[in-house]
Amino acid sequence: MARVTVLYFASLRDAAGVASENIEVADDLRSLYETLRARHGFALPVERLRVAVDGAFARWDDPVRDGAEIAFIPPVSGG
């Protein structure tokens, strides 16, 4: 089990109702997002997002590391 901090931005932050949360997880980044998507009702599928771990972009099949800071980054529209 790994304890991580998850950061939410834009529409994900709005849906979750928080900018971040600390949670315990056991799997990879994809399954972490899918768990949080079910919990918070995120509309975006994993294919529309980027994921970063400790400030660096990561792959969805990377394992979750204890103490990591994970950010799910939705597409951003310019204007």
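Observations
- Within region 7-28, residues that are on the phi > 0 side of the Ramachandran plot sit with their Cβ atoms under 7 Å from residues that are outside any helix (DSSP H, G or I), at 6+ positions apart or across chains, in these pairs: ALA10/PRO74; ALA10/VAL76.
- For region 42-60, a residue qualifies if it is of a type outside the set (Lys, Arg), closer than 17 Å to ALA10 by Cβ and either touching a residue at least 12 places away in the same chain (Cβ under 8 Å) or crowded, with 16+ Cβ neighbours inside 10 Å (or both), and the qualifying residues are PHE42, ALA43, LEU44, VAL46, LEU49, VAL51, ALA52.
Conditions tested, residue by residue: (1) part of a loop (DSSP other than H, G, I, E, B); (2) surrounded by 10 or more Cβ atoms within 10 Å (Cβ to Cβ); (3) modelled with pLDDT under 95.
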{"position": "LEU36", "(1), (2), (3)": "no, yes, no"}
{"position": "ARG65", "(1), (2), (3)": "yes, yes, yes"}
{"position": "ALA71", "(1), (2), (3)": "no, yes, no"}
{"position": "VAL76", "(1), (2), (3)": "yes, no, yes"}
{"position": "GLY79", "(1), (2), (3)": "yes, no, yes"}
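- Screening region 1-28 for residues that are in contact with a Pro (Cβ under 8 Å, 6 or more places away or on another chain) and closer than 13 Å to PHE72 by Cα and picking the one that is surrounded by the most Cβ atoms within 10 Å (Cβ to Cβ) gives LEU12.
The values are calculated or read from the model by the stated rules, or taken from the named source; none is laboratory data. Since we're looking at a predicted model, the values are computed, not measured. Because the Cβ atoms are built from the backbone with ideal geometry, glycine has one as well, and the counts that use them run over all protein chains shown.
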